[in-house]
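The structure appears right after this line, and notes come after that.
The values are calculated or read from the model by the stated rules, or taken from the named source; none is laboratory data. Please read all numbers here as calculations on a predicted model, not as lab measurements. Neighbour counts run over all protein chains shown; Cβ positions are idealised from the backbone, glycine included. Surface areas here come from the heavy atoms of the whole protein model, side chains and all, with no ligands, DNA or RNA. Shrake-Rupley method; radii C 1.70, N 1.55, O 1.52, S 1.80 Å.
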Amino acid sequence: MTDHRPLEAGLFRDAMALMASAVHLVTTDGPGGRAGFTATAVCSVSDAPPTLLVCLNRGSSAYESFSRNDALCVNTLTAEQSAVAGAFGGKTPMDERFASATWGSLATGAPVLEGALVAFDCRIVERTAMGSHDVLFCAVEALAEPAEGEGLVYAARRYHAVPRTQQESETPPLRRLA
């Protein structure tokens with residue numbers, strides 16, 4: 001039998017910092033108020049029905065709003081939007097975060113970032129507690145028109161631009177879900 005010791009959280013965070021991840025602003029509005037945070041813990045779950053997974057730290061200043069609202073928008077950022085990513089990633093008051101950009105809305109009423117690389121407007125359909133986070137399963141109800149520009153990823157604890165290839169720029173536009 002091997003001795004099982006839990007992995008130290010700092011070692012895990014250092015290892016995760018080596019992985020490049022797309023940068024998103026996850027936003028909400030509703031009875032719990034308007035809130036948002038910068039996230040890299042977002043991924044596709046299914047395309048039938050279209051579903052995303054979003055991880056939200058229960059210690060986040062945005063947590064209370066998200067726990068009371070049933071909609072959110074995952075706004076995937078362009079490289080030109082790294083400053084707004086920084087504003088939503090720190091201790092900046094919510095009003096100041098939202099003042100740093102221009103917003104619209106789609107089907108759910110959650111804030112959609114103007115000029116986002118792509119935005120997924122979602123209803124939260126399930127919540128699961130896991131460690132320090134809630135895992136939110138989100139049914140995609142609408143997509144914002146995709147923007148031009150390079151993608152933004154976070155790796156080695158800093159932002160990096162991901163250029164679009166020629167082939168990507170020739171990809172047909174997204175079809176709307178709503």
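Summary table below
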{"item": "Condition met for Leu56 (closer than 24 Å to Ala161 by Cα and not basic (Lys, Arg))", "result": "no"}
{"item": "Tally, over the stretch 144-166, of residues that are open to solvent by 60 Å² or more (accessible area, probe 1.4 Å), part of a loop (DSSP other than H, G, I, E, B) and among the aliphatic types (A, V, I, L, M)", "result": "1"}
{"item": "Residue among Ser60, Ser21, Ser44 that is open to solvent by less than 60 Å² (accessible area, probe 1.4 Å) and either closer than 18 Å to Val125 by Cβ or touching a residue at least 40 places away in the same chain (Cβ under 8 Å) (or both)", "result": "Ser21"}
{"item": "Residue that is farthest from Gln81 (Cα to Cα), among those in the stretch 102-116 that are open to solvent by less than 30 Å² (accessible area, probe 1.4 Å) and out of contact with any Phe, Trp or Tyr (no Cβ under 7 Å at 6 or more places or on another chain)", "result": "Thr108"}
{"item": "Extreme residue, most open to solvent (accessible area, probe 1.4 Å), among residues of the stretch 63-89 that are more than 11 Å from the chain's Cα centre (by Cα) and among the aromatic types (Phe, Trp, Tyr)", "result": "Tyr63"}
{"item": "Residue ID - modelled with the highest pLDDT, chosen from residues in the stretch 1-18 that are surrounded by fewer than 10 Cβ atoms within 10 Å (Cβ to Cβ), part of a loop (DSSP other than H, G, I, E, B) and among the aliphatic types (A, V, I, L, M)", "result": "Leu7"}
{"item": "Among residues of the stretch 117-133, those that are within 19 Å of Gly32 (Cβ to Cβ), in contact with a Cys (Cβ under 8 Å, 6 or more places away or on another chain) and either open to solvent by 20 Å² or more (accessible area, probe 1.4 Å) or not charged (D, E, K, R) (or both), counted", "result": "5"}
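Here's the yes/no breakdown for (1) basic (Lys, Arg); (2) assigned to a strand (DSSP E or B); (3) more than 20 Å from Gly86 (Cβ to Cβ):
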| position | (1), (2), (3) |
| --- | --- |
| Gly30 | no, no, yes |
| Phe37 | no, yes, no |
| Ser44 | no, yes, yes |
| Leu52 | no, yes, yes |
| Gly59 | no, no, no |
| Ser67 | no, no, yes |
